[in-house]
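The structure under discussion appears below in the form of structure tokens.
The values are calculated or read from the model by the stated rules, or taken from the named source; none is laboratory data. Quick caveat, the model's predicted, so the values are computed rather than measured. Heads up, the Cβs are rebuilt from the backbone with ideal geometry, glycines too, and the neighbour counts pull from every protein chain shown. The accessibility values were calculated without ligands, DNA or RNA, using every heavy atom of the protein model including side chains. Shrake-Rupley method; radii C 1.70, N 1.55, O 1.52, S 1.80 Å.
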Amino acid sequence: MGELVSVITPAYNSSRFIADAIASVISQTYSNWEMVIVDDGSEDKTVEVVFAFGDPRIRCISHPVRLGAAEARNTALREAHGRWVAFLDSDDMWEPTKLERQLRFMEDNGYAFSYTPYLEMNADKCPTGRMVFGPKHIGKCGMYAYCWPGCLTVMYDTRLTGIVQTRNLDITDDYAIWLKVVSVTTCHLLNEPLARHRVVPGSLSDRSYSYKIGWHYRLFRQAEGMGVLTSVLFTAANICFGTIKKLFYIRRG
């Protein structure tokens with residue numbers, strides 16, 4: 001049996017979809033995992049859905065009030081016990097071989113940070129026909145230029161990174177994590193679509209890119225401590241490379 005993988009899942013009012021996410025982890029061909037779910041002050045039956053699974057590998061931690069996705073991930077990362085950390089949002093899903101294939105890819109090549117393509121699906125799990133991926137290798141400059149990895153596809157080695165914590169930045173909190181990890185190691189693409197991202201109307205991932213621009217500036221200015229000009233330049237780079245991603249890193253059909 002390989003080393004423990006900690007699956008990090010923040011949840012807020014996720015009772016509609018979180019059962020699919022949990023089931024996709026339970027179905028993994030790699031069985032040495034723990035799933036750390038942090039319920040961020042949900043007002044629905046999210047916690048009840050989680051506990052209904054009764055799997056001892058699943059831990060649910062509750063925030064009494066909503067603190068935001070970044071703080072939920074921070075809590076989960078502090079509570080994680082695994083050498084390897086992987087991320088799965090409460091409305092997304094993994095293919096059954098995701099952990100097995102990605103761990104083998106990283107161990108065989110000596111990589112400490114990786115991601116994969118993902119397929120998009122709608123609220124009813126029907127494929128949209130889009131696959132999203134990115135560059136084969138992403139160094140520090142490449143990651144600052146654009147947030148290439150989808151959160152649901154990332155895995156890294158905590159022996160190299162330690163416990164990663166970020167500021168509460170709402171929709172760019174996962175990007176803030178990748179910037180910290182890429183400061184110590186390069187990110188590598190396993191070019192197999194091993195995850196499925198659910199696009200739900202009105203969700204954060206469904207927001208226009210123009211809506212997210214201000215959050216990227218806030219990430220560089222506040223979380224990374226950059227000056228105004230540098231923050232503007234990196235935000236502009238994100239706009240440019242966002243266009244490049246649409247042209248070259250999204251496949252349809």
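Okay, here's what the table says:
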| quantity | calculated |
| --- | --- |
| The range 151-168 residues near the modelled residue 184 label - backbone nitrogen below 17 Å, point 7 Å along Cα→Cβ | 155-167 |
| Nearest-20 debye value, the chain charge dipole, Cβ charges on Lys, Arg, Asp, Glu | 840 |
| The range 130-253, accessible surface, carbon-and-sulfur percent (1.4 angstrom probe) | 59 |
| Rounded accessible area per residue of the range 58-137, 1.4 Å, Å² | 42 |
| Exposure rank, largest accessible area first [241, 17, 87; 1.4 Å] | 241, 17, 87 |
| Rounded FRET efficiency, nearest 0.05, which uses the C-beta distance separating residue 23 from residue 43 and R0 of 22 Å | 0.40 |
| For the chain, calculated [θ]222 nm from helices alone, where every DSSP H run of n ≥ 4 adds -39500 (n - 2.57) | -10500 deg cm²/dmol |
| Residue (of 84, 52, 38) at the positive-pole extreme of the range 1-149, dipole from beta-carbon charges | 84 |
| Extent along principal axes [Cα atoms of the range 56-166; Å; largest to smallest] | 39, 38, 32 |
| Student exercise, the range 108-253 dipole from Lys, Arg, Asp, Glu Cβ charges, in Debye to nearest 20 | 300 |
| Counted charge near residue 191, where neighbours are those whose Cβ lies closer than 15 Å (Asp, Glu -1; Lys, Arg +1) | +2 |
| Fraction of accessible area attributable to carbon and sulfur, the range 11-121 (%, probe 1.4 Å) | 49 |
| Estimated inter-spin distance, residue 52 and residue 163, nm [label 7 Å along Cα→Cβ] | 3.3 |
| Å² per residue, accessible surface of the range 1-50 at 1.4 Å | 36 |
| Of 115, 10, 64, farthest towards positive along the dipole that unit charges on Lys, Arg, Asp, Glu beta carbons give the chain | 115 |
